[in-house]
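Have a look at the structure below before the remarks.
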Amino acid sequence: MTTITFIGAGSTVFTKNIAGDILHWPALKDATIRLMDINPARLEESQIVVGKLAATLAPAARIETHTDQRQALDGADFVIVCFQIGGYEPCTVTDFEVPKVFGLRQTIADTLGIGGIMRGLRTVPHLWSICEDMLAVCPEALLLQYVNPMAINTWAIGAKYPKIRQVGLCHSVQGTAGELARDLDIPLEEIRYRCGGINHMAFYTKFEHRQPDGSYKDLYPALRQGYLDGCFPKPSASNPRCPNKVRYEMLMRLGYFVTESSEHFAEYTPYFIKRDRPDLIEKFGIPLDEYPKRCVEQIARWEKEAEKYRRVDTIFVKQSHEYASQIINSVVTGTPSVIYGNIRNKGFVPQLPEGCAVEVPVLVDANGLQPTIVDDLAPQCIALMRTNINVQELTVEALLTENPEHIYHAAMLDPHTAAELDLDQIWSLTNELLTAHGTWLPEWARPTARSVA
């Protein structure tokens, strides 16, 4: 029997989707699923939803709930982490509202930028506490980590707990492939691709269409021509606020398509969000304050769905394109699969620093995770990644050394922040954010506990 522990199971929508994926696999229908959260009300919601999922899909499965982390981890085979430290309120609101006072606007603020730095400082200590407990009660378990900022988290875990078997998981690679297939009007199953880089800034080195004779045709010329002709990107039915123009523009400049959405990518670079250039915001459809809007919409949507799930007897979900259940099934059954995962760089992307977090194709079978090497990334793509890696590295260094000066250094080197603010503003903004977050941060990072530069 396979034991799978969810830490942060109160993220009910995510837990529902991943648990549903797991329970679809024949080899996992008798699994024990442990749901752990510190919020009893949210935990109860997840217990109801996952319990009804199990009754529908896999009656032999066992569903447990826990509020004690170590108890939930004891003897687990797989650990899925899906929490958000500080939540939408107060922490996400703080990450957006304080920078606005300084004239710094953001779109998502969960991966890089000043918002991503703060989120990393809040999140990594809790991930490290999971690693401590795993070493004590389930040292061979595989950690499947879905928490942002993904690259900072994966790097920090690998640096402090190298014995933990971990992979950071995101849906940007397979999600973007689906978006491009839709633009091209080609079934996704007819497309072959390969990519590599860092989370939210990996690039497709190949994007090809399988021909009737078995050969493959490069799709990059069609993507470029479609953008020049004004045909691409096609409007998004799922979120009309977020056109995909930024990434197509970067395709024209770099020659390769990046894997994370345009709203994300706009704040990873200095080119698109500028306070004195409203024309850029309009031209590229930059959705400022997008993440808070999504949070409000998701909270309202879940309140309606939660009541519906309480009333129904059975719940059924289709399998999603998330990688977690595929990994678990491959390890348990030995059936090989290929996923894209974020792992500690041990030469897997030779042009990037050893130890940083890279996103590469990973073979999965009974032996676990076997990352592959991506050594054909274009130098211009590598150079752009390094601008983001600088911020990640300094944030991780601050966490490892408990040296708060590196938090300011990370903000100073962030491409978007540096393009908008001068050094005095960056120092003041960083200090204001650290003060505002208060006890959500580790004690060494709080300005009240030290003198500020």
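The values are calculated or read from the model by the stated rules, or taken from the named source; none is laboratory data. Because the structure is a prediction, the values reported are computed rather than measured. Glycine gets a Cβ as well: all are built from the backbone with ideal geometry, and neighbour counts include every protein chain shown. Note: accessible area is taken over every heavy atom of the protein model, side chains too, but ligands, DNA and RNA are not part of it. Shrake-Rupley method; radii C 1.70, N 1.55, O 1.52, S 1.80 Å.
The table below gives the values:
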item	result
Hits in the range 398-453 (condition: of a type in the set (Ser, Thr, Tyr) and open to solvent by 40 Å² or more (accessible area, probe 1.4 Å))	THR401, SER428, THR435, THR439, THR448, SER451
The range 1-52 - residue that is part of a loop (DSSP other than H, G, I, E, B) and touching a Gly at 6+ places or on another chain (Cβ under 9 Å) and, of those, least open to solvent (accessible area, probe 1.4 Å)	ASP37
Meets criteria (open to solvent by 10 Å² or more (accessible area, probe 1.4 Å), touching a residue at least 40 places away in the same chain (Cβ under 8 Å), part of a helix (DSSP H, G or I) and more than 29 Å from VAL331 (Cα to Cα)) for LEU394	no
Within the range 243-272, tally of residues that are in a loop (DSSP other than H, G, I, E, B), of a type in the set (Asp, Glu) and either under 16 Å from PHE232 (Cβ atoms) or open to solvent by less than 10 Å² (accessible area, probe 1.4 Å) (or both)	1
Those residues of the range 131-147 which are buried (at least 24 other Cβ atoms within 10 Å of the Cβ) and assigned to a helix (DSSP H, G or I), in sequence order	MET134
Filter result for ARG70 (under 26 Å from the mean Cα position of the chain (by Cα), open to solvent by 60 Å² or more (accessible area, probe 1.4 Å) and touching a residue at least 40 places away in the same chain (Cβ under 8 Å))	yes
Residue in the range 305-314 that is more than 25 Å from the chain's Cα centre (by Cα), in a loop (DSSP other than H, G, I, E, B) and β-branched (Val, Ile, Thr) present	yes
Filter result for LYS293 (in contact (Cβ under 8 Å) with a residue 12 or more places away in the chain, open to solvent by 50 Å² or more (accessible area, probe 1.4 Å) and in a helix (DSSP H, G or I))	yes
Residues of the range 80-105 satisfying the condition of being in a loop (DSSP other than H, G, I, E, B) and under 17 Å from the mean Cα position of the chain (by Cα)	CYS82, PHE83, GLN84, ILE85, GLY86
Tally, over the range 185-228, of residues that are part of a helix (DSSP H, G or I) and buried (at least 20 other Cβ atoms within 10 Å of the Cβ)	1
Residues located in the range 248-264, provided they are within 16 Å of ARG386 (Cβ to Cβ) and of a type in the set (Phe, Trp, Tyr)	TYR256
Hits in the range 426-443 (condition: without any contact (Cβ under 8 Å) to a residue 12 or more places away in the chain and farther than 13 Å from PRO404 by Cβ)	GLY438, THR439
Near pairs, Cβ below 7 angstrom, 6+ apart or cross-chain, from the range 88-103 (on the phi < 0 side of the Ramachandran plot and open to solvent by less than 20 Å² (accessible area, probe 1.4 Å)) to any residue that is polar (S, T, N, Q) and part of a loop (DSSP other than H, G, I, E, B)	PHE96/GLN106; PRO99/GLN106
Selected residue (criterion: least open to solvent (accessible area, probe 1.4 Å)) from residues of the range 166-179 that are in contact with a helix residue (DSSP H, G or I) (Cβ under 7 Å, 6 or more places away or on another chain) and part of a helix (DSSP H, G or I)	ALA177
Single residue of ASN244, ASN239, ASN329 found to be in contact (Cβ under 8 Å) with a residue 60 or more places away in the chain and in contact with a Lys or Arg (Cβ under 9 Å, 6 or more places away or on another chain)	ASN244
The range 53-66: number of residues that are open to solvent by 40 Å² or more (accessible area, probe 1.4 Å) and closer than 10 Å to ALA9 by Cα	1
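Rundown of residues vs (1) touching a His at 6+ places or on another chain (Cβ under 6 Å); (2) more than 20 Å from ASP110 (Cβ to Cβ), yes/no style:
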site: ASN148; (1), (2): no, no
site: ILE157; (1), (2): no, no
site: GLY175; (1), (2): no, no
site: LEU184; (1), (2): no, yes
site: TYR193; (1), (2): no, yes
site: HIS200; (1), (2): yes, no
